[in-house]
Amino acid sequence: MPPPAHEHRPSDEELARLAVEALDVLADELAARLTYSPDRDCHTEVHPQALRRLRILSHLQKAVKELQYGAARDAATAGAGYPQIGAAAQLSRQGARRRWPGLPTGPARPHPLLAPRSNES
């Protein structure tokens, strides 16, 4: 179903900017919630807030990859093929196949029924 005419569809650049802003806010919120021990986690001569933020962003990157795989699997289960999945992820069809090998690609197709042979000679 096409989106309503009044719906704003952001460009890739706008979507990228919004994603960076959202992750920036999320990283700050997570950093504020976590206790940090520089003796245990990293060297004390560097700024602990910067290290905490880097650690959080590394975990967010892993989480995004996990969520991306789930979304690709869901799209494939819903009938999307690698060309559509790749386009949504800004990849080629081959790139999507390399990143997520073995996705179910579309509904299973039944084998065509063979007509019985006639015994007429």
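The values are calculated or read from the model by the stated rules, or taken from the named source; none is laboratory data. All of these numbers come straight from a predicted model, not from anything done at the bench. FYI the Cβ positions are ideal-geometry reconstructions off the backbone, even for glycines, and counts take in every protein chain you see.
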Of all residues in the stretch 63-81, which are among the acidic types (Asp, Glu) and exposed (fewer than 11 other Cβ atoms within 10 Å of the Cβ)?
66
The residue that is nearest to residue 88 (Cα to Cα), considering only those in the stretch 1-58 that are loosely packed, with under 13 Cβ neighbours inside 10 Å, β-branched (Val, Ile, Thr) and modelled with pLDDT of 85 or more, is 20
